[in-house]
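Encoded as structure tokens, the structure appears first; notes follow it.
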Amino acid sequence: MTANQSETISTKIWREEPEPDNPFAARACYCSGYDVYGDLLGKITWIEYVWLLFRLDPPTPVQKTLLEGLAVGLANPGPRDPSIHAAMSAGVGGSTHASALIAAIAVGAGNLGGAREVLTAMQYWAQCGTDLDAWRGIIATPPVEERTDVWPAMEHTPGFDPNGARCPTPVRQLLDHLATHSDGAILPWLAAHRETLEQCAASPLAFSGVAAATLHELGFSPEQGEMLFLMLRLPGAAAHALEQHMNWARFPFFGSGLTLTDDPGPVARTGKQP
Amino acid sequence: MTGPAMLKEFEDNWVTAMGAWFPGERVVLRGKDVLSDLGRRPWMEYLVYAITGRESPELARLIEGIWAISCSYPDPRLWNNRVAALAGTSRSTGVLAIASAVSVTEATLYGLRPIKRAMDFFYRADSKLKQGQSLEEVIRTELKSFRVVSGYGRPIAETDERISPLLRFAKTLGKGNGPYVKLALQVHDYLKNSRYKNQINIAALAAAILADEGLSPEDLYNLATLAFVAGMFPCYIDARQKPEGALYPLRTTRINYRGAETRHWG
């Protein structure tokens, strides 16, 4: 045993007991006190287990219903969505399956319809709650970071689609479903004030906005919401990437969809420009 | 040694000749001091040394030229670059864009898989030729086993515009005339005149040039991992500079649905 063995991983999430013949294998695993394989397995749904991992206590029936509904609503943004497009771009060239999900996460992480937008929108919810005047103020004068960051600055009101026309029907359907099942204040308020907020933002509510409101109402932190949004959109990315496996010849290449405006023209074989 | 005994042996115990950081003091890579020695050399020489353990400005220059000519096409339509561009249009970070695009470069039709497999093919083919098989037998066996000869044929375009420039560059360094390059061109001549019509692509030529330098497929794979990034950055930057969501938006009619008829759940 070396001195470094005093270094440990501190966690409130996970406890293990070792197998008697192998200290590197667990005999039992406990998630926030529950025996995962000896108790939870067979009793708990996947979405309840996800909740437990993040929140360390079981969800109420309403909380479970809302997170489950949101998970269904986010599971597949469809093949036109940039994150799914990225996953399919991995699929068509026969890239590794992991890279398809990495691509979906990277492209779906950003400020436009991505997880960072959800985080920022949740910060708006934390600041404004159900105060319409506060929303009007933050939309008119959004917070600006004094110093730069790796993340691009927001270019639109988070949770709203800058390229939208009116709120798409599926976004309204998801919001209505969640607001109907809610026992909180946020989702019913958003459903009632959606059009007012859309007028303030000059753009329609997006799925990212519904996700942010739901996750805020459920008590998740913005950082937890960002993580959950990244995770919950992966099923569609995986399915579409597999469907397009090596399908490059029947996948959009946009062959005539690029115009080069700074072109030196063909260069002679000597390497010198004509 | 395997199992728990092996894990106990390695518990808090990583013995390595590769390198280490001595905080606040110095860094060592493969037995050389970084701050006073390796750090003063060109970055490509550092990378080649890190991966292969070989100190060779000549090899580093050859690999750098292969990278520059072959790998970094700044076109967002190419699938790995498209991921970087999509990250830009979605306002993700630059590192997420490049890291994900690099991971997608580990593809079957292009990128890392053909590069590694092409070199592996040349080594296996050379071994079979030395055992007395004909080139035709070797190629036919490869096609029968794998349906393709890695490094030959190309999606989107038939010919590879990079072959002549790379050969010309290699010759400026006195390279490109070795036995594996000759073998690669012989395979090209055979396949081009066969019913397969496949022509040599850059993966095969780069692999052959570096096989003549004695690199292993694993060395080549590691060395090629970052070769594509100079084409990815422009795609990300360009998409970042254009309106958000502007890269190849698709209207709903661009989905050519071929699945089940509309039905109801439950």
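Some points to look at:
- Relative to its residue count, the range B:139-266 spans a Cα convex hull of 246 Å³ per residue.
- Taking B:E58, B:E25, B:E142 and counting other C-beta atoms within 10 Å, the order from fewest to most: B:E25, B:E58, B:E142
- Label-point separation, B:W21 to B:Q131 (7 Å along Cα→Cβ), nm: 4.8
- Across the alpha-carbon atoms of the protein assembly as shown, the computed radius of gyration and Dmax are 27.6, 85 angstrom.
- From least to most packed, judged by other beta carbons within 10 angstrom and beginning with the fewest, B:W21, B:W67 follow the order B:W21, B:W67.
- Put in order of Cβ neighbour count within 10 Å, fewest first, the listed residues B:D160, A:D57 become A:D57, B:D160.
- Built amide H within the under 5 Å cut-off of A:D35, gap 5+: A:L40
- Of A:D263, A:D35, A:D131, the one that fluctuates the most in a GNM where chain A has Cα springs shorter than 10 Å: A:D263
- Cα-based equivalent ellipsoid of the range B:99-210: semi-axis lengths in Å, sorted from largest, via gyration tensor: 21, 18, 14
- Cα gyration tensor shape for the range B:45-158, rounded if a/c is under 1.5, else prolate or oblate: oblate
- Our coupling estimate for the range B:147-154, obtained by passing each phi through the Karplus curve with A = 6.51, B = -1.76, C = 1.60 and θ = phi - 60°, is 6, 9, 9, 4, x, 10, x, 7 Hz, Gly and Pro reported as x.
- Long-range tail of P(r) for the range B:1-80 (Cα pairs > 18 Å, %): 61
- Of every Cα-Cα pair in the range A:182-274, the percent that sits beyond 20 Å: 66
- Note on B:K32: aspartates and glutamates with a C-alpha under 12 Å away, same-chain residues under 8 apart excluded, are B:E55.
- Point-to-point label distance, B:Q241-B:Y73, nm (Cα→Cβ direction, 7 Å offset): 2.2
- Shown here is the pair-distance distribution of the range A:12-59: with all Cα-Cα distances grouped in 10 Å bins from zero up to the longest one, the shares run 28, 50, 20, 3 percent.
- Pair B:V34, A:S256: separation of 7 Å Cα→Cβ label points (nm): 5.2
- Label zone (B:K192, point 7 Å along Cα-to-C-beta; backbone nitrogen cut-off 16 Å) within the range B:85-124: none.
- Take the Cβ atoms of B:T2 and A:A202, set R0 to 51 Å, and the FRET efficiency comes out at 0.20.
- Under the convention that each Lys and Arg Cβ holds +1 and each Asp and Glu Cβ holds -1, the size of the dipole of the range B:112-224 around its Cα centre is about 260 debye.
- GNM result for chain B, Cα springs below 10 Å: residue of B:G94, B:G24, B:G174 fluctuating most strongly: B:G24
- The lysines within cross-link reach of A:K43, meaning a Cα-to-Cα straight distance under 23 Å and a gap of 8 or more places when in the same chain, are A:K12, A:K64.
- On the beta carbon distance between A:F24 and A:L53, with R0 = 22 Å, the FRET formula returns roughly 0.45.
- When chain A is treated as a Gaussian network with alpha carbon springs shorter than 10 Å, the biggest mean-square fluctuation among A:E68, A:E195, A:E16 belongs to A:E16.
- Here the Debye sum runs over all C-alpha atoms of chain B as equal scatterers in vacuum, and log10 of I(q)/I(0) at q = 0.09, 0.16 Å⁻¹ comes out as -0.57, -1.22.
- Over the C-alpha trace of the range B:108-147, radius of gyration and Dmax come out as 10.9, 32 angstrom.
- Total lysine pairs in the range B:138-266 at Cα distances under 28 Å, for residues eight or more apart or on different chains: 10.
- Residues whose placed amide H lies under 5 Å from that of A:S221, excluding near-sequence neighbours: none
Each reported figure results from applying straightforward, stated rules to the coordinates on display, with no laboratory input. In this text, all values refer to a predicted model and were calculated from it rather than measured experimentally. In this analysis, Cβ positions are derived from the backbone assuming ideal geometry, glycine residues included, and neighbour counts consider all displayed protein chains.
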